Amino acid sequence: MEPITEQEKNEFREFLSVIYSDQTKSWNINLKVLELFGQLIQSSQSCSRYMDMAPRPFIVGNVIKWTSKQARNAIIRHLKNGGKHYLICLRAAGLSLKTDFIMASQGI
Amino acid sequence: MIITKRICILLALVVALSGCQNVGPENTNILLGSGDRQELILNGRVSLPIPTRYDKIWLSKSSIIISQSDVSIGYRWIDKEEIEFIGSIKSPYDFFKGAFNSPSIDEEKRFIEGLGNIETYSYASANNLEFYHFDLVDKQKIYILSDSLDFAIEVTSKGGSKKYLENITQNSYIR
């Protein structure tokens, strides 16, 4: 696995703050959190009208290749490029995953 | 208000970690321990049984996680502000009731979508509380509602026993 850089962590924390508000500032962004983010993206079919879930080359089966820096950065670029409405749409779907994110950020 | 709640919860943890002493009825937002029955009291209103054994407790703004080895139970309370944040003007009770019974607005539909694959689902009511229990792929969730509460409770169990979840359904109550 290519280590998640501080810049990447800050970018994902920023995306998650759109979905979960400022509480995410204290979240530790790790692989478990990114996998959960992928699960949220992929469970929310009804939000896909705002944008495609993630660039195709970085999805194997149904799983995003979060261990790859190239994949992470492609998703960051993808979401920064007009993903705000998409992330807002994810708020309702994300409601049931908030506890899971809190657990994941603690490595649970 | 939030600060008061946090102080009360912190007090709860101090009591819990110092051996789960009994406390008087004047202390309403705290964790009570008495032998083999321990209670987590959320917002001074709802009492839930907690596992009798645990070695770590995590506290955050609106949740408590209690864990022991590979078992983790997360307790989270969801208020109207959080429901408004996701885009619904309903009360927490009406939002979840609508989502679980006949989702009609987009936010309710998306919330159900976000639960992912539901393996089994059941409903129960006891002590003026309604329990919506979901068996999901890697965890179980119980949503606890009452029309007399201005918040809902979500219990997330990872690795927890079925018996403990039944205990929640049977022995939670409004204070």
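For the structure I just gave you, tell me whether A:SER48 is exposed (fewer than 14 other Cβ atoms within 10 Å of the Cβ) and either farther than 28 Å from B:SER72 by Cβ or hydrophobic (A, V, I, L, M, F, W, C) (or both).
Values: exposed (fewer than 14 other Cβ atoms within 10 Å of the Cβ): yes; either farther than 28 Å from B:SER72 by Cβ or hydrophobic (A, V, I, L, M, F, W, C) (or both): yes.
Here the answer is yes, as A:SER48 does meet what is asked.
Mind checking which residues of segment B:83-115 are farther than 20 Å from B:PHE131 by Cβ and either touching a strand residue (DSSP E or B) at 6+ places or on another chain (Cβ under 8 Å) or part of a helix (DSSP H, G or I) (or both)? Of everything in segment B:83-115, those that are farther than 20 Å from B:PHE131 by Cβ and either touching a strand residue (DSSP E or B) at 6+ places or on another chain (Cβ under 8 Å) or part of a helix (DSSP H, G or I) (or both) turn out to be B:GLU84, B:PHE85, B:ASP106, B:GLU107, B:LYS109, B:ARG110, B:GLU113.
Somewhere in segment A:10-30, is a residue within 14 Å of chain B (Cβ to nearest Cβ) and part of a loop (DSSP other than H, G, I, E, B)? Give the derivation first.
As a first pass, look at segment A:10-30 and keep what is within 14 Å of chain B (Cβ to nearest Cβ): A:16-28.
After this cut, where a residue has to be part of a loop (DSSP other than H, G, I, E, B) as well, the list is A:27-28.
Taking every residue of segment A:10-30 in turn, at least one turns out to be within 14 Å of chain B (Cβ to nearest Cβ) and part of a loop (DSSP other than H, G, I, E, B).
Pairing residues of segment A:1-16 that are among the charged types (D, E, K, R) with residues that are surrounded by 12 or more Cβ atoms within 10 Å (Cβ to Cβ) and outside any helix (DSSP H, G or I), at Cβ distances under 6 Å and at least 6 apart in sequence or on separate chains, gives A:LYS9/A:ILE29; A:ARG13/A:ILE29.
Within 12 Å of the chain's Cα centre (by Cα), more than 17 Å from B:GLU113 (Cβ to Cβ) and of a type in the set (Ser, Thr, Tyr): does that describe A:SER21? Show your work before the answer.
Working: within 12 Å of the chain's Cα centre (by Cα): no; more than 17 Å from B:GLU113 (Cβ to Cβ): yes; of a type in the set (Ser, Thr, Tyr): yes.
It is false that A:SER21 is within 12 Å of the chain's Cα centre (by Cα), more than 17 Å from B:GLU113 (Cβ to Cβ) and of a type in the set (Ser, Thr, Tyr).
Considering segment B:48-92 alone, what residues qualify as being among the small types (Gly, Ala, Ser) and at the interface with chain A (Cβ under 7 Å from one of its Cβ atoms)?
Within segment B:48-92, the subset among the small types (Gly, Ala, Ser) is B:60, B:62-63, B:67, B:69, B:72, B:74, B:87-88, B:91.
Those that are among the small types (Gly, Ala, Ser) and at the interface with chain A (Cβ under 7 Å from one of its Cβ atoms): B:SER60, B:SER63, B:SER67, B:SER72, B:GLY74, B:GLY87.
When B:ILE168, B:ILE144 are checked against the criterion of being within 14 Å of another protein chain (Cβ to nearest Cβ) and in contact (Cβ under 8 Å) with a residue 12 or more places away in the chain, a single residue qualifies: B:ILE144.
Only the coordinates and a few stated rules stand behind these numbers; no lab work does. Treat the numbers as computed from the prediction; the structure is a model and nothing was measured. Cβ sites come from the backbone with ideal geometry, for glycine too, and all protein chains shown count toward neighbours.
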